[in-house]
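Okay, structure first, notes after.
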Amino acid sequence: MSLAKDFETIESLEFIVQFSVLSGFSSLLRAFANDAKVEALRAKLGAQANACQSVVNRINQVLTKSDVELYDESIAAYLFCLWKADLPLAHKASERILETGGLWWSVQLALHIIKEAQAETA
Amino acid sequence: MTLLPFDDDPRKPVYARSGWEIPQLEWSEFIYHSGLQTETVVRQRTDSLMRDMARKEKRITRIRSVSTYLYNCVGMIFANRRAWVEIDVLDDILREDGYTKVALQQLEAGKIVSYAFDGSPTHVGLVTFVERYEGEVAGVTVLSKWGKDAEILHPMSAVPVIFGAPSDFWSERTPHVIG
């Protein structure tokens with residue numbers, strides 16, 4: 001499956017509502033870690049050159065959508081994959097996410113990543 | 001990045017019966033100030049979820065409410081729909097509020113059902129109706145808030161796969177029998 005196809009899957013309502021029903025940040029991280037679609041994207045980030053940058057670009061595109069809050073779980077899933085593959089890039093994407101309103105899980109993960117990146121550089 | 005306290009923090013403390021302050025996310029203040037979800041989006045997600053449940057032959061009773069205010073299943077039951085309280089503190093709340101486990105046979109309206117997936121707590125709901133047949137529990141209806149989405153009235157087992165299954169039943173009181 002191509003990266004574009006992964007993006008389409010992760011931005012589908014079917015994918016989004018699997019995670020929007022969760023009631024805890026740690027539940028979300030566990031669910032992402034066990035999800036086959038998220039795992040498929042993670043595998044590509046480790047195997048394909050420039051795949052991480054493509055995910056960053058995709059996050060930036062989704063963040064400009066007028067109904068961006070609908071894609072909270074999609075953005076969080078992208079950021080989760082990026083976090084596992086490339087922490088500095090995930091840190092940059094996190095700072096961009098914090099500039100956007102209406103997001104819940106994405107902001108929590110972004111803040112978590114920023115803290116981790118800061119701890120690593122300290 | 002350091003999160004500085006806002007002067008107009010909308011979060012208010014929530015206490016258990018023991019006086020223990022139920023923790024709220026440190027970043028929820030930031031999120032409240034960055035704007036919340038719109039009703040259109042909550043409805044879109046809820047509609048999609050209902051279609052998905054119907055495909056899996058898990059039919060809910062009805063959607064009770066759709067709110068843009070951010071509270072979850074724990075906040076619905078233990079904070080009067082005023083707060084998002086992480087599911088990870090559910091056991092602490094039950095203990096600090098003096099809840100005890102009860103058996104399925106003891107279920108009645110007002111009791112609590114908790115759900116778990118792979119041993120981890122995922123969800124909590126309020127029992128609203130227990131149907132009995134020849135003394136045995138034949139059906140349980142539960143009211144619960146599904147994450148950021150709607151409040152749903154549903155059969156106890158008609159929940160998203162990610163919630164797992166009902167794990168325990170709880171009561172905060174001892175039954176009173178008129179003597």
Counted residues, the stretch A:1-12 - those being more than 12 Å from A:Val62 (Cα to Cα), in a helix (DSSP H, G or I) and in contact (Cβ under 8 Å) with a residue 24 or more places away in the chain: 3
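Within the stretch A:57-67, count every residue that is surrounded by fewer than 19 Cβ atoms within 10 Å (Cβ to Cβ) and in contact with a helix residue (DSSP H, G or I) (Cβ under 8 Å, 6 or more places away or on another chain).
Start the filter on the stretch A:57-67 by keeping residues that are surrounded by fewer than 19 Cβ atoms within 10 Å (Cβ to Cβ), which leaves A:57, A:60-61, A:63-67.
Checking which are in contact with a helix residue (DSSP H, G or I) (Cβ under 8 Å, 6 or more places away or on another chain) leaves us with A:60, A:63, A:65, A:67.
Of the residues in that region, 4 qualify.
Just one of B:Lys111, B:Lys58 is charged (D, E, K, R) and within 13 Å of the chain's Cα centre (by Cα); which is it?
Exactly one residue qualifies, and that residue is B:Lys111.
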Unique residue being touching a residue at least 60 places away in the same chain (Cβ under 8 Å) and either farther than 15 Å from A:Leu28 by Cα or open to solvent by 30 Å² or more (accessible area, probe 1.4 Å) (or both) when the list is A:His112, A:His91: A:His112
Subset of the stretch B:130-174 (residues that are farther than 18 Å from B:Ile60 by Cβ and among the hydroxyl-bearing types (Ser, Thr, Tyr)): B:Tyr133, B:Ser167, B:Ser171, B:Thr174
Hits in the stretch B:33-79 (condition: outside any helix (DSSP H, G or I) and basic (Lys, Arg)): B:Lys56, B:Lys58, B:Arg59, B:Arg62, B:Arg64
Residue under evaluation B:Ser114, criteria (1) free of Cβ contacts under 8 Å to residues at least 60 places away in the same chain; (2) farther than 19 Å from A:Ser27 by Cβ; (3) open to solvent by less than 30 Å² (accessible area, probe 1.4 Å), criterion not met: (2)
Single condition B:Asp52 does not satisfy, out of (1) in contact with a helix residue (DSSP H, G or I) (Cβ under 7 Å, 6 or more places away or on another chain); (2) closer than 29 Å to B:Ala16 by Cβ: (2)
Pairs, first more than 12 Å from chain A (Cβ to nearest Cβ) and at positive phi in the stretch B:62-90, second part of a loop (DSSP other than H, G, I, E, B) and crowded, with 19+ Cβ neighbours inside 10 Å, C-beta under 8 Å, six or more apart: B:Arg81/B:Tyr71
Any chance A:Leu45 is outside any helix (DSSP H, G or I) and of a type in the set (A, V, I, L, M, F, W, C): no
Selected residue [within 12 Å of chain A (Cβ to nearest Cβ) and either of a type in the set (Ser, Thr, Tyr) or touching a strand residue (DSSP E or B) at 6+ places or on another chain (Cβ under 7 Å) (or both)] from B:Ala150, B:Ala165: B:Ala150
The lone exception for A:Phe19 - which of (1) at pLDDT 95 or above; (2) crowded, with 24+ Cβ neighbours inside 10 Å; (3) of a type in the set (A, V, I, L, M, F, W, C) it fails: (2)
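Free of Cβ contacts under 8 Å to residues at least 40 places away in the same chain and surrounded by 17 or more Cβ atoms within 10 Å (Cβ to Cβ), is that true of B:Val130?
Numbers: free of Cβ contacts under 8 Å to residues at least 40 places away in the same chain: yes; surrounded by 17 or more Cβ atoms within 10 Å (Cβ to Cβ): yes.
Yes; evaluated as a whole, the condition is true for this residue.
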Qualifying position, being within 18 Å of A:Ser12 (Cβ to Cβ) and not hydroxyl-bearing (Ser, Thr, Tyr), among A:Arg96, A:Arg58: A:Arg58
From the options A:Glu69, A:Glu116, A:Glu95, A:Glu120, residue that is at the interface with chain B (Cβ under 9 Å from one of its Cβ atoms), part of a helix (DSSP H, G or I), of a type in the set (Asp, Glu) and over 30 Å from B:Ile152 (Cβ atoms): A:Glu95
Qualifying residue in the stretch A:33-51 (condition: facing chain B (nearest Cβ under 9 Å) and not acidic (Asp, Glu)): yes
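Please indicate, with yes or no, whether at least one residue in the stretch B:101-108 is open to solvent by less than 30 Å² (accessible area, probe 1.4 Å) and in a strand (DSSP E or B). Spell out the reasoning first.
Pass one, the stretch B:101-108, residues open to solvent by less than 30 Å² (accessible area, probe 1.4 Å): B:102, B:107.
When the remaining residues are screened for being in a strand (DSSP E or B), the result is B:102.
The answer is yes, given that some residue of the stretch B:101-108 is open to solvent by less than 30 Å² (accessible area, probe 1.4 Å) and in a strand (DSSP E or B).
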Enumeration of residues in the stretch A:28-50 that are within 18 Å of B:Leu49 (Cβ to Cβ) and either open to solvent by 20 Å² or more (accessible area, probe 1.4 Å) or at pLDDT below 95 (or both): A:Lys37
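The values are calculated or read from the model by the stated rules, or taken from the named source; none is laboratory data. Given the structure is predicted, the values throughout are model-derived calculations rather than measurements. Neighbour counts run over all protein chains shown; Cβ positions are idealised from the backbone, glycine included. These area figures cover heavy atoms from the full protein model, side chains too; ligands, DNA and RNA do not enter into them. Shrake-Rupley method; radii C 1.70, N 1.55, O 1.52, S 1.80 Å.
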